[in-house]
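**Q** Structure in structure tokens, see below.
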């Protein structure tokens with residue numbers, strides 16, 4: 001095995017370090033966050049940090065640096081209170097990843113890709129059309145991580161659209177049936193096949 | 001598509017809801033956290049919420065409810081300041097998932113499974129032997145998520161062991177070469193194959 005020390009981590013070239021550290025947490029969720037500005041401009045951006053926070057109330061979180069490209073998403077969430085989470089699947093991988101490019105706030109990524117927006121049930125933020133799993137989210141709170149000025153944004157799931165064939169009898173959503181992707185590092189994508197479910201464990 | 005409203009989410013049976021909400025964020029990282037209590041008892045527990053927080057300094061976070069089985073891990077981290085993150089790979093899936101069973105703090109999961117601990121470079125917490133990617137972590141801070149009393153625990157990567165064949169020239173760690181797993185929901189496991197890397201995106 002290769003050992004990389006604290007000191008080596010500090011001294012790597014910037015690009016080497018971001019590739020390494022972004023890969024070393026494991027596989028990440030692959031989502032497009034849809035928002036609309038108070039001026040009505042739609043935004044869609046790839047995020048790999050959407051994480052389960054709690055089931056009751058149903059809440060998800062995601063992380064962002066205050067200075068990144070994702071600021072449009074944050075500004076829109078703060079001004080409207082709403083956003084959508086849409087799962088990236090095999091047939092939109094390239095367009096989904098392209099939303100990481102730094103477009104100005106007045107340009108919609110929906111106009112620069114083959115991704116299309118759709119509106120449902122009078123929810124104010126755009127969903128990504130044809131995503132097999134779409135969540136309507138409402139902003140709840142945020143936490144500041146002091147050691148690096150990162151913000152954790154917490155939202156509540158207020159509605160959920162799921163392709164019928166993914167939803168199993170016990171509530172499990174089988175992501176692999178929709179060829180939903182996972183992210184390795186900054187720019188690696190895989191489309192997993194479910195291998196097994198082990199069920200609830202009790203002490204031996 | 002099936003639409004599930006806010007009201008339906010609130011009224012589902014507990015088990016249905018936790019399956020659904022735990023599946024709907026997308027694929028999750030699959031890690032074993034290794035700790036040792038101040039009395040010297042080793043603990044190892046599966047976590048699916050390890051998330052990248054920042055690259056400089058290199059930091060990861062994970063979530064826990066104050067009242068869950070994972071409390072042993074949290075208590076050990078708080079009393080010693082150190083822990084390890086070890087990636088779950090194909091050949092230890094079943095033992096790794098079994099560490100979610102609720103064992104008392106005086107019982108080590110290393111004694112109840114075929115997982116073995118190892119110590120390296122005088123680091124005080126146990127690594128999981130044969131994990132293809134092992135991180136030595138130091139506790140940094142925590143954030144409380146007020147809306148559901150969840151805690152986000154933040155740690156700094158102070159050392160990293162990676163199987164030589166996973167580490168690519170630009171720092172990317174190819175998780176699929178080691179058959180590292182990803183988690184779907186509470187108990188579903190997949191072992192992805194890397195499909196593609198798209199690289200850094202600029203506006204069209």
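**Q** Using the Cα gyration tensor of the stretch B:80-204, with a ≥ b ≥ c the square roots of its eigenvalues, what is the shape: rounded (a/c below 1.5), prolate (a/b larger than b/c) or oblate (neither)?
**A** Rounded, because the longest to shortest axis ratio a/c is under 1.5.
**Q** Follow-up. If I take R0 = 22 Å and measure r between the Cβ atoms of residue A:111 and residue B:200 in this structure, what FRET efficiency does the formula 1/(1 + (r/R0)^6) give, to the nearest 0.05?
**A** Using R0 = 22 Å, I get an efficiency of 0.55.
**Q** Take residue A:78 and residue A:37, extend 7 Å from each Cα along the Cα→Cβ direction, and tell me the distance between the two endpoints in nm.
**A** 1.4 nm
**Q** Cut-off is 10 Å between beta-carbons; in what order do A:180, A:145, B:88 appear when sorted fewest neighbours first?
**A** The most exposed by this proxy come first: A:145, A:180, B:88.
**Q** Would you please state the base-10 log of I(q)/I(0) at q = 0.13, 0.19 1/Å for the stretch B:1-146, with intensities from the Debye formula using one equal scatterer on every alpha carbon?
**A** Taking Cα atoms of the stretch B:1-146 as identical point scatterers yields -0.63, -1.19.
**Q** How far apart, in nm, are the 7 Å Cα→Cβ label points at residue B:124 and residue A:144?
**A** Distance between label points: 3.0 nm.
**Q** Starting from the 7 Å offset along Cα-to-Cβ, what nm value, one decimal, do you get for the label separation of residue B:5 and residue B:91?
**A** Inter-label distance under the simple model: 5.3 nm.
**Q** Cut-off is 10 Å between beta-carbons; in what order do A:64, B:15, B:135 appear when sorted fewest neighbours first?
**A** Arranged by neighbour count, lowest to highest, A:64, B:15, B:135 become B:15, A:64, B:135.
**Q** Report the relative contact order of chain B, percent, no decimals, based on alpha-carbon pairs under 8 angstrom and at least 6 residues apart.
**A** Here the relative contact order equals 24 percent.
**Q** Using the 10 angstrom Cβ neighbour count as an exposure proxy, how do A:202, B:65 rank, fewest first?
**A** With the fewest neighbours first, A:202, B:65 line up as A:202, B:65.
**Q** Right, next: Could you calculate the contour length gain from residue A:13 to residue A:165, that is, 0.36 nm times the residue separation minus the distance between their Cα atoms, to one decimal place in nm?
**A** Stretched fully, the residue A:13-residue A:165 segment lengthens by 50.2 nm.
**Q** Using helices alone, I'd like the mean residue ellipticity at 222 nm for chain B: each DSSP H run of four-plus residues gives -39500 (n - 2.57), total over residue count, nearest 500.
**A** About -4000 deg cm²/dmol.
**Q** Copy-to-copy spacing for residue A:204, label 7 Å out on the Cα-to-C-beta vector, in nm, shortest first?
**A** Ordered by distance, the counterparts are at 5.5 nm.
**Q** Next up: Within the P(r) computed for the protein assembly as shown, what percentage of the Cα pairs occupies the region above 30 Å?
**A** Tail fraction, whole percent: 36.
Readers should treat all values here as calculations from the given coordinates under stated rules, not as data from a laboratory. Keep in mind the model is a prediction, meaning the values are calculated, not measured. As a convention, Cβ positions derive from the backbone with ideal geometry for all residues, glycine included, and neighbour counts pool all protein chains shown.
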